[in-house]
Every structure is written in structure tokens, then in C-alpha cells.
Amino acid sequence: MMMVRWSIIVPLFLFFLSVPPAIAQQPPPTVCIIGSGIGGSSVAHFLRQYAPSYNASVDFNIRIFERHNIVGGRMATVNVAGDTFEAGASILHPKNLHALRFTKLLNLTVKKPSSSDSFSLGIWDGRKFVFRTLKSGLTSKFSYLDKIVELWNQVVMFIRYGFSLLRMEKFVESAVEKFSKYYEGFESRPVFETVNDMLNWSGLYNLTTRTLYEELIDARLSRLLIQELVTVITRINYGQSVSISGLAGAVSLAGSGGGLWAVEGGNWEIAARLINHSDSTLHLEEEIESISYLGEYYEVKSNKGNSYSCEITVVATPLDEQNIQFTPPIIIPKRELQHTHTTFVRGLLNPGYFGLKASSKIPKLVGTTETEDVQFSSISVLKQHDDNDMTYKIFSRKPMEDTLLDKIFSVRKETIRIDWAAYPHFKAPEVFAPFILDGRHLYYVNAFENAASTMETSAVAAENIARLVLSRFFGKVGPDLLHLNLNSDRDASTLHVDL
């Protein structure tokens, strides 16, 4: 009996001796992303999307840190009397292909702006309207009259500005066509290690070396058009004059064209859904205080006393007004951010302030010229509740004090103020921070923002950063991966609350 037992045990013992010990599995590398706006969320998405083609056996552990209690960065909404309006980045262009793909594949709904039939523009110099279009949309029973008003407005615009309108359109189309090169496949589009290389490759770099005014004069636009209509547009979109760089100006002008859109429920939904899809760990209300390189990894410390080890760290928020301590120190060009004060008012504008007899005569969009008499950049109607009750959105470079608002408005039922560190103060020739902050694996998405600052340019920069991370981390370049495959199976509503 004992012999039988040993005859079984000995072969089993020899078998286990012959099996090599199991190799401990290495944990996946961690990517820490600072900022949950369109830049940070897009980096997380593109890393997940492209990583399998660089190294199918390696997955990333992605952490996203947001110092506020909401995701979206400069994309946010505000609630006025039960209605939701965009408080930050508001519009997307029909040729913003990343945003369009995100929206379609994340099952988001596109929201078109209100009908242009009700649009009217007035250019205010602080004392008087130097130009006004007729109001349409007032004759809904006779739609043909609306068409006549619309045609008349086009005629008076052409009479005032002439063929410069067509030259401006051509200038914008040229810049948009060059920007579209960033959507080309990987076989023709390299990974860019610097912003200069990225802009030179597309043919856009020269536009960052001169002012918009210089570019438009060379494009044979009239000074009247530049001083009035173009200035109105740059003040609305960037809170700055035509002294901004040419590329930022071209992007600003593109944002005044037709076919503009937004996301139903708020553009912040794009960031929230991308974060969900990328299966990232989100740290809300956790501000990063220091990033230290310790040889094999970065030690990232937060205001909560937490410490994280990250093989790769991506900064996806402007460093200009952040107080992150870097060890070793980093060097980036000094840059000022342009603050835009956004004021929402529910009430009724005072026609007397604008030298008019009735509030119905005030244009739905009041743009302004670059003069000392002007105390705001623009006032636009967001919603008309009735003839004596509307919701307005005001852009200004300084806070709108109550005393000023009481002059501009005859009725004020509700007022909400928001101060955005919205975009760089553009100044030609632009100098760019590096994409790679330390020569290792510390990356900066917002280096591209000095070229132009929009949701789409942030996504384009983020896509390049993701490719740059992967190509440098794995030492190779991946194939063409333009086709996205998103699944929005988780609810993003828990990631956001209104301001």
C-alpha cells in the first residue's frame, strides 16, 4: 500500500520541480493628466484609441486630475431662470472634425443656433451705432418679407464694405484649408515634437509671426472693414483687437461664419463622455501642487496630501496662472492670459442708453469697436421670453459693475457673473512653449494654444500629444488610426454640475 502511494507522489513532485516559477506581472504604466477639459479628455481618449497599435500587450492606467468639482475646463454651462446656456466655449465650426466625430460616436446631439432670420447686428462705438442691419423675424406671417429684409441687409453690408467681404472670406478659407491637414492619415502626417514644426508643416506658421491687421491689409481688405466688422468679431471671440496674431485672427473670423453648432446639454458633455469612454480614474477637487521626476517615474502630489507615481505626465491646463512646482524646474515663455468677464442678465436693455426710442430697435447682437468710450465687448440676446423680458449675454474685459448695468438695462431681474481666464493674450510674433517640458515624458498640451485657442485646436494638439507619448514611450510610430470606435455606455451626468 505504501509503495502505491509513493508511486503517485514522486512523479507529481518531479513534475512541479520541472515547472518554472510564475513571473510576476508588471503593473501597467500610469499616465497622469492634469486638467479635465477638452485637451485632457482628448489625450486620454486618443491614448486608449491608438495604444493597441503601438503595443498590443501594454495597457495604461490613466488618471485625470481636476481642481474643480466639475469636468470640462473652460467648457461650462450656466442656468438662468430654468434655461441652460453656454458660459464658456460656446460654438464649434462645421469643419471641426474631431468634435464632430466625438459628438456622433458618443451619441451626443448637435444643437444648431437659432434661425438667422431673426439676426440683427449693430456696431456700437460707445456713443452711437456706426452701422446697423434691419431686424428680420418680425413678420413671421409673411416669410417673403423676411427674405427681403435679409437680402437688403446683405446689400447694405456690401455697399459699406464692398469686395473686402469676399477677400475676408477667402483669407479665412485659406487658413481653414491649411488647418484641415491635421486630419490627414498617419502615412502623410508626422508626429510633431514642437509647435513650430506642427505649424510649419501645415503652412500656418507665418500667420503667427504677424498681426491680423497686417495680414488683412496685405489681403487688400479695407481699413473700414477691419476697424468695424473684423474688430467686432475679434472682440467677441477673443476679447482683443486686430493686433492679435494672424492665425488667431483667422480662427476668430472662422468662428463668425455659418453652420456653427454646439452640443445639446452643454459642450462640457464631450469631455465628460470622453473621460468615461477612456476608462480613466477621475480625481475631482484634487489640485496638483508639485510634479517631480525621480528617475523611473514622476511623483505627482496633490493638495489632498496624496502622492501618485506616473511614468508619463501630461499637463492639459494653462500653466500661466497655475502654481505647480516642478522638480527639476521647467522653462516656458512668459505668457499673459486674457480674462473675459461673462455676465448673464435677465431683464430688458435700456433703449435710451443706445440713443433709441424703443428696446425693439436694439439689435440682437451689439458688437463694439476698439475705442475708449466702449465699456463692453458685446451684448447678445440668448432668449426672448416676451417683448419685455429677455436673457442676455455680455462679454467684457473688466467686471460689469452694478452701476454700469443699471445704465444699460431698464430692467434687471437676475444677474450672474463669471470671470474666465479664457485664452492667451495673443501677440505677434508668437513664441511657443515646448510640447515636451523636460526632454523625458512630461508633456504640455496647451503649448499649442498660443497659435489659436478653441475646443478643436485643443483636440488637435491633444491628438498629437497622444501620438507623441506613444511613439516616444514605445519607440515607434503607429499606423493610420483615424477611425474612432467610441462607446458611451456610462452616464456622464454625474461628472458635471452647473456653475
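A few notes on this one:
- Residue in region 219-233 that is within 20 Å of the chain's Cα centre (by Cα) and more than 30 Å from PRO328 (Cβ to Cβ) present: yes
- Considering only residues in region 172-187 that are of a type outside the set (A, V, I, L, M) and more than 14 Å from GLY203 (Cβ to Cβ), the one that is most open to solvent (accessible area, probe 1.4 Å) turns out to be GLU187.
- In region 304-321, the residues that are closer than 17 Å to HIS68 by Cβ, buried (at least 16 other Cβ atoms within 10 Å of the Cβ) and either more than 21 Å from the chain's Cα centre (by Cα) or of a type in the set (Gly, Ala, Ser) (or both): ALA316
- Hits in region 276-303 - residues which are touching a His at 6+ places or on another chain (Cβ under 8 Å) and closer than 16 Å to VAL43 by Cα: HIS277, SER278
Yes/no per residue for (1) touching a Gly at 6+ places or on another chain (Cβ under 6 Å); (2) open to solvent by less than 10 Å² (accessible area, probe 1.4 Å):
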{"site": "VAL31", "(1), (2)": "no, yes"}
{"site": "ARG67", "(1), (2)": "no, no"}
{"site": "THR77", "(1), (2)": "yes, yes"}
{"site": "ALA89", "(1), (2)": "no, no"}
{"site": "LYS95", "(1), (2)": "no, no"}
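- Tabulated pairs, region 250-267, first surrounded by 18 or more Cβ atoms within 10 Å (Cβ to Cβ), second of a type in the set (Asp, Glu), C-beta under 6 angstrom, 6+ apart or interchain: VAL263/GLU269
- Subset of region 102-126 that is at pLDDT below 95 and charged (D, E, K, R) - its residue that is surrounded by the most Cβ atoms within 10 Å (Cβ to Cβ): ASP117
- Residue list for region 48-73, restricted to those being outside any loop (DSSP other than H, G, I, E, B), of a type in the set (A, V, I, L, M, F, W, C) and closer than 17 Å to TYR308 by Cβ: ILE62, ILE64, PHE65
- Residues satisfying the stated conditions in region 287-321, i.e. among the aromatic types (Phe, Trp, Tyr) and outside any strand (DSSP E or B): TYR297
- Residue within region 203-216 that is within 15 Å of ILE91 (Cα to Cα) and among the hydroxyl-bearing types (Ser, Thr, Tyr) present: no
- Residue within region 189-206 that is small (Gly, Ala, Ser), outside any helix (DSSP H, G or I) and at negative phi present: no
- In region 322-365, the residues that are assigned to a helix (DSSP H, G or I), open to solvent by 40 Å² or more (accessible area, probe 1.4 Å) and under 26 Å from GLY239 (Cβ atoms): TYR353
- In this structure, GLN375 does not qualify as touching a strand residue (DSSP E or B) at 6+ places or on another chain (Cβ under 9 Å) and within 23 Å of ALA262 (Cβ to Cβ).
- Test: SER292 is in contact with a Pro (Cβ under 9 Å, 6 or more places away or on another chain) and surrounded by fewer than 16 Cβ atoms within 10 Å (Cβ to Cβ): yes
- Region 158-171 - residue that is among the aromatic types (Phe, Trp, Tyr) and part of a helix (DSSP H, G or I) and, of those, least open to solvent (accessible area, probe 1.4 Å): TYR161
- Here VAL155 clears all of (1) surrounded by 14 or more Cβ atoms within 10 Å (Cβ to Cβ); (2) of a type outside the set (Gly, Ala, Ser); (3) more than 23 Å from the chain's Cα centre (by Cα); (4) in a helix (DSSP H, G or I) except the condition numbered (1).
- Here ILE408 fulfils each of the conditions (1) open to solvent by less than 10 Å² (accessible area, probe 1.4 Å); (2) out of contact with any helix residue (DSSP H, G or I) (no Cβ under 8 Å at 6 or more places or on another chain); (3) farther than 29 Å from LEU97 by Cβ apart from (2).
- Top-ranked residue in region 387-405 [being in a strand (DSSP E or B) and either among the β-branched types (Val, Ile, Thr) or open to solvent by 80 Å² or more (accessible area, probe 1.4 Å) (or both); ranked as farthest from SER256 (Cα to Cα)]: THR391
- Selection from region 169-199 of residues that are closer than 22 Å to SER471 by Cβ and more than 22 Å from the chain's Cα centre (by Cα): GLY185, PHE186, GLU187, SER188, ARG189, PRO190
- Condition check for ARG273 on (1) closer than 15 Å to ARG101 by Cα; (2) open to solvent by less than 20 Å² (accessible area, probe 1.4 Å): one failure, at (2).
- Tally of residues being without any contact (Cβ under 8 Å) to a residue 24 or more places away in the chain and β-branched (Val, Ile, Thr) across region 353-408: 2
- Filtered residues of region 304-352 (kept if out of contact with any Ser or Thr (no Cβ under 7 Å at 6 or more places or on another chain), on the phi < 0 side of the Ramachandran plot and free of Cβ contacts under 8 Å to residues at least 60 places away in the same chain): LYS304, ASN306, SER307, GLN322, ASN323, PRO329, ILE331, LYS334, GLY352
- VAL156 fulfils the conditions (1) within 25 Å of SER380 (Cα to Cα); (2) touching a helix residue (DSSP H, G or I) at 6+ places or on another chain (Cβ under 6 Å) except for a single criterion, (2).
The values are calculated or read from the model by the stated rules, or taken from the named source; none is laboratory data. Fair warning: this is a prediction, and the values are worked out from it, not measured in the lab. When we count neighbours, we look across all protein chains shown, and the Cβ atoms used for this are built from the backbone with ideal geometry, even at glycine. Remember, those area values only see protein heavy atoms, side chains included, never the ligands or the DNA or RNA. Shrake-Rupley method; radii C 1.70, N 1.55, O 1.52, S 1.80 Å.
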